[in-house]
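Working notes, structure below.
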Protein chains: 2
Amino acid sequence: MGSVTRLDGVAAREQALDAAERLFYARGVQSVGMDDIRGASGVSLKRLYQLFPAKDQLVEAYLARRDLVWRQRLGERVDRHRDAEERILAVFDHLHAWFGEPDFRGCAWINAYGELGATSPRVAAQARAHKLAFKRYLAGLVADAKLPPGTADQLQLLAEGAMVTAAILETAEPALQAREAAALLTRAAR
Amino acid sequence: MGSVTRLDGVAAREQALDAAERLFYARGVQSVGMDDIRGASGVSLKRLYQLFPAKDQLVEAYLARRDLVWRQRLGERVDRHRDAEERILAVFDHLHAWFGEPDFRGCAWINAYGELGATSPRVAAQARAHKLAFKRYLAGLVADAKLPPGTADQLQLLAEGAMVTAAILETAEPALQAREAAALLTRAAR
DNA sequence: TTGACCCGAGAACCATCGTTCTCTACGGTA
DNA sequence: TACCGTAGAGAACGATGGTTCTCGGGTCAA
């Protein structure tokens with residue numbers, strides 16, 4: 001029946017996105033071919049192109065799904081704390097844990113923007129949307145802590161800077177430096 | 001009796017690098033072909049491959065030369081000031097001016113790293129070298145201002161964060177936010 | 001002048017890759 | 001059983017791009 005096919009379609013879509021995320025994040029978008037995705041996911045090329053009419057759209061879907069997961073994980077880490085100030089610092093603890101993961105290769109959206117931002121409006125839009133969502137989330141934490149709104153922007157700069165520096169220098173330390181700076185900034189703004 | 005079209009090796013190299021810088025920075029490395037470089041520079045393919053045996057090495061040379069120019073420009077801006085504190089803030093004024101340039105497309109090394117860091121050791125090494133040189137420069141400014149050494153790392157995070165945020169959100173504002181944060185941090189660390 | 005040499009223009013070569021097509025097999029259905 | 005729609009494997013196609021080669025013309029030393 002239609003329901004069976006549809007379930008298969010959903011499962012195939014998830015498998016395809018799993019493989020896309022693993023490969024795109026590890027090697028970059030342009031050095032991964034659709035055939036690599038097929039090999040890693042077990043989803044046939046025909047099915048892949050039914051689900052995502054062009055590679056562009058697979059990339060878009062990869063970034064969109066990763067955005068949801070990334071922000072959810074961040075939220076879970078922050079929600080372990082009740083104190084508004086601690087919740088802000090937990091963002092940087094989360095970064096530190098992330099940077100230490102063995103397959104950490106920087107921020108997927110910064111990387112994708114560097115690779116395709118100039119040529120793919122879809123990718124540029126995903127990067128913008130993700131960073132704006134992150135900014136909104138920080139703004140909420142900052143408002144809860146009754147700090148001036150501009151502090152959220154400053155915290156975001158620290159976080160973004162930590163991501164790129166950790167990736168390029170291959171060390172998790174920037175998360176700790178950013179956390180220290182965030183503590184000073186929130187204290188200074190109070 | 002040099003005809004206009006014939007160039008010595010040094011001039012050809014400069015022209016090739018000029019074109020490479022313009023195109024690679026604007027469109028990304030992988031979407032620019034060697035033939036594009038030839039068309040934009042007027043340097044024949046044969047000559048290009050004599051000067052740079054592979055595209056990889058042209059990319060490396062592009063990043064290496066840009067590193068020198070970028071840091072020299074930054075230094076010139078900073079050297080307009082004598083007060084140690086002002087010299088630190090001038091870094092962020094420089095970023096603001098840079099972000100406002102019409103062809104600004106983010107940090108060339110962050111972009112190149114996102115695009116090729118996973119597959120090209122040469123590019124990864126260039127990005128690392130550039131960021132370490134920037135870090136050393138900031139450390140010098142911080143030492144001159146008699147601030148604790150860790151402040152330099154924090155300032156770098158602000159600067160890197162401003163670069164990626166300005167690129168993705170297409171606004172120069174992050175430079176001002178970073179400057180404000182830098183002022184607070186240096187004051188707090190004193 | 002001549003002939004060895006070098007250069008640029010562009011074709012050629014070869015691999016890769018996004019995308020589509022063909023062909024065969026199979027599962028459900030009357 | 002006979003039919004039909006669909007799926008998957010993989011070939012095919014067309015474009016692109018890195019790299020090399022050919023060719024014709026100009027340059028320079030002797």
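The values are calculated or read from the model by the stated rules, or taken from the named source; none is laboratory data. Note that the coordinates shown come from a computational prediction; the quantities given were computed from them, not determined experimentally. Cβ: placed from backbone, ideal geometry, glycine included. Neighbour counts: every protein chain shown. For the accessible areas, the whole protein counts, side chains as well, though only heavy atoms, and no ligand, DNA or RNA atoms are used. Shrake-Rupley method; radii C 1.70, N 1.55, O 1.52, S 1.80 Å.
Taking all Cα pairs closer than 8 Å and separated by 6 or more residues, the relative contact order of chain B comes to 20 percent. For chain A, the longest principal axis of the Cα atoms and the long axis of helix A:55-78 meet at an angle of about 40 degrees.
Between helix A:173-189 and chain A there is an angle of about 50 degrees, using the helix long axis and the longest principal axis of the Cα atoms. Inter-copy label distances at B:Arg73, shortest first and taken from points set 7 Å along Cα to Cβ: 3.6 nm. Charged neighbours of A:Ala61, selected by a Cβ distance under 12 Å, balance to -1 (K, R count +1; D, E count -1).
Label-point spacing at A:Gln15 relative to the other copies reads 5.5 nm, in ascending order, each point sitting 7 Å out from Cα along Cα→Cβ.
For the protein assembly as shown, what does -39500 (n - 2.57) per DSSP helix run (n ≥ 4), summed and divided by total residues, give at 222 nm, in deg cm²/dmol to the nearest 500?
Working: 18 runs with 295 residues, N = 380.
When only DSSP H runs of four or more count, the value is -26000 deg cm²/dmol.
Rounded to 0.05, the FRET efficiency of the A:Gln50 and A:Ala188 pair, given R0 = 56 Å and the Cβ-Cβ distance, is 0.55.
Within the stretch A:81-184, the trypsin sites (Lys or Arg not before Pro) that combine a DSSP coil assignment with at most 10 other C-beta atoms in a 10 angstrom radius are A:Arg82, A:Lys146. Give the aspartates and glutamates reachable from A:Lys46 as a straight Cα distance under 15 Å; neighbours fewer than 8 places away on the same chain don't count. Once the sequence-local aspartates and glutamates are set aside, what remains near A:Lys46 is A:Asp8, A:Asp35, A:Asp36.
Quick one: compute a quarter of the convex hull surface over the Cα atoms of chain A and quote it in nm². Provide the component values of the computation, followed by the final result.
Numbers: hull surface 48.7 nm².
Quarter of the Cα hull surface area: 12.2 nm².
For every other residue with a beta carbon closer than 10 angstrom to the beta carbon of B:Arg13, add +1 if it is Lys or Arg and -1 if Asp or Glu, then tell me the sum.
-1
Using only alpha-carbon positions in the protein assembly as shown, the gyration tensor eigenvalues give semi-axes of 34, 34, 15 Å once each is multiplied by 5 and square-rooted (largest first).
What accessible area, summed over both chains, is buried at the A-B interface (1.4 Å probe, Å², nearest 100)? Write down the numbers at each step before the final one.
Numbers: alone 10360 and 10450 Å², together 17370 Å².
It comes to approximately 3400 Å² buried between A and B.
If you wrap the stretch A:1-53 in the convex hull of its Cα atoms and look at it from every side, the mean projected area works out to 3.5 nm². Charged neighbours of A:Glu160, selected by a Cβ distance under 9 Å, balance to 0 (K, R count +1; D, E count -1). Placing a label point 7 Å from the Cα of B:Glu76 along the Cα-to-Cβ direction, the residues of the stretch B:92-111 with a backbone N closer than 17 Å are B:92-102. Against chain A, whose longest principal axis is taken from its Cα atoms, helix A:2-27 shows a tilt of about 60°.
Looking at the stretch A:98-175, which GluC sites (Glu not before Pro) are DSSP coil and have at most 16 other C-beta atoms within 10 Å of their C-beta? Answer in residue order: A:Glu170. The same position A:Leu169 in the other copies lies at 2.4 nm from this copy, comparing label points 7 Å beyond Cα toward the beta-carbon, shortest first.
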